[in-house]
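What follows draws every value from the coordinates through simple rules; no lab data is involved. Nothing here was measured: the structure is a model prediction, and the numbers come from that model. Neighbour counts are summed over all protein chains in view; Cβ atoms, including those assigned to glycine, are modelled from backbone coordinates with ideal geometry.
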Amino acid sequence: MRFLHSKFQNIKPYTPGEQLNNPEVIKLNTNENPYPTPANVIEAATKAAATLSRYSDPTAREVIEPLAAHFGVKPEEVFVGNGSDEVLSLLFQGFTEEGINFADLTYGFYEVYRQYYQCKGATIPLQKDFTLNLTDFNQTKGTIILANPNAPTGLVTPKEDLLDFIRKNPKRLIIVDEAYGDFADESIIKDAVNYENVVVVGTFSKSRHMAGARLGFAVANAQRINELNRLKFSTNPYNVNSMTIACGKASLANQAYVDECVQKVIATRTWISQQLTDLGFEVLPSYTNFIFVRHPKLSGQDFYQQLKKKNILIRWFDQDRIRDFCRVSIGTDEEMHKFLNVTTALLERVR
């Protein structure tokens, strides 16, 4: 007997990175922040736990106001959700009547949401070098979503190119997913509020040590934020829990620590990229907290599997065009030295 709606029978769900409950495993597969959550964030979570018998504030003002101040925008130009995935889900649900279009190699959830909400739209191939030609979207209709920097490639579309494209397409909604924006210098968040056709999405999961807390956000013209709130209050008004709201506020109050850890990640990213290049890897230029690599003598699947045997997890995608690549999150210096040593030994066996 079939109970699930027929429209969901053939949907292919998103596959998250492996989460192994083993302290000996080095996790370089889900792009989390490798450094400890700051003490003031943990303290805020503990304090907020005492209020769990009450609903969280549906306006989430406690985190929206400092987040708006951080970006130099107004609180009414900020929306928060249960991770950026919920924000994206609402955007796919409510802003895609004419379809939604995205690159062929990008965040895997986009295709899942397009199927889930039965959206029309096109998939635009990246160039041979994995860069995005924005003018290719001129052949499409409806909303456009861009991960910038992109995942899993780590490449970025320059800010001025993106803003020029936005200005030339005022009647199309353009969603810019800046999940990794803190690791680049190409964010358009402060510009987004000046355009009616732009929504920038971000997350506290990458640079702010809060992947487990689930806090995402959108910055846009106040009218777009009003529309997102209309959808939220029609589905899940208490979408962000009290502990997460408190943690988000505490994170914003400790910006120096966030900035320090971001710079550590960037420095390690630069170092490991050069080390792998010296070992014969092709390493795409990264503007994120991960690198995308391949080696001519080692398949992506084999690289992933051999590292897993040594308790090191990286991400391999069984997907056309990138099957020989692996995505490696940037860990601590100690973790990356272990990764490099195991990789070097592995290459010595295949030469």
Restricting to Cα pairs below 8 Å that are 6+ residues apart, what does the relative contact order work out to for the chain? Please round to a whole percent. 23 percent
Considering only the chain, what is the antiparallel percent among its DSSP beta bridges, to the nearest 5? 55 percent
What number do you get for segment 115-176 when its Cα radius of gyration is normalised by 2.2 N^0.38 Å, N = residues? 1.13
For Cα pairs less than 8 Å apart in space and 6+ apart in sequence, what is the mean separation divided by the residue count of segment 125-210, i.e. the relative contact order in percent? 27 percent
With n ≥ 4 as the cut-off for DSSP H runs, can you work out [θ] at 222 nm for the chain, using -39500 (n - 2.57) per run divided by the number of residues, rounded to the nearest 500? -11500 deg cm²/dmol
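Beta carbons within 10 angstrom, averaged per residue: use that to sort the peptides 143-156, 30-43, highest first.
Values: 143-156: 24.9, 30-43: 17.7.
Ranked from most to least packed, the peptides come out as 143-156, 30-43.
Can you tell me the order of 124-130, 266-272 when each peptide is scored by its average per-residue count of other Cβ atoms within 10 angstrom, highest first? Mind showing how you got there, number by number?
Working: 124-130: 13.7, 266-272: 17.7.
By packing density, highest mean first, the sequence is 266-272, 124-130.
For the pairs Lys308/Lys338; Lys74/Lys171; Lys27/Lys310; Lys264/Lys308, flag any whose C-alpha to C-alpha distance is greater than 19 Å. Mind showing how you got there, number by number?
On the way: Lys308/Lys338 13 Å; Lys74/Lys171 24 Å; Lys27/Lys310 12 Å; Lys264/Lys308 25 Å.
Violating the 19 Å Cα-Cα cut-off are Lys74/Lys171; Lys264/Lys308.
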Extent of segment 235-351 along each principal axis, from alpha carbon coordinates, in Å, largest to smallest? 55, 35, 26
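Could you rank the peptides 183-189, 22-28 by their average count of other C-beta atoms within 10 Å per residue, with the highest value first?
Working: 183-189: 18.6, 22-28: 15.1.
Those peptides, ordered most packed to least, come out 183-189, 22-28.
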Quote the convex hull volume per residue of segment 142-208, based on C-alpha atoms, as a whole number of Å³. 85 Å³
Additional length obtainable on full extension of the chain from Leu20 to Glu348, 0.36 nm per residue less Cα span: 115.3 nm
Distance (nanometres) between label positions extended 7 Å along Cα→Cβ at Lys310 and Glu160: 4.3 nm
At a Cα cut-off below 13 Å, give the aspartates and glutamates reachable from Lys141, other chains included and same-chain residues fewer than 8 away excluded. Glu97, Glu98
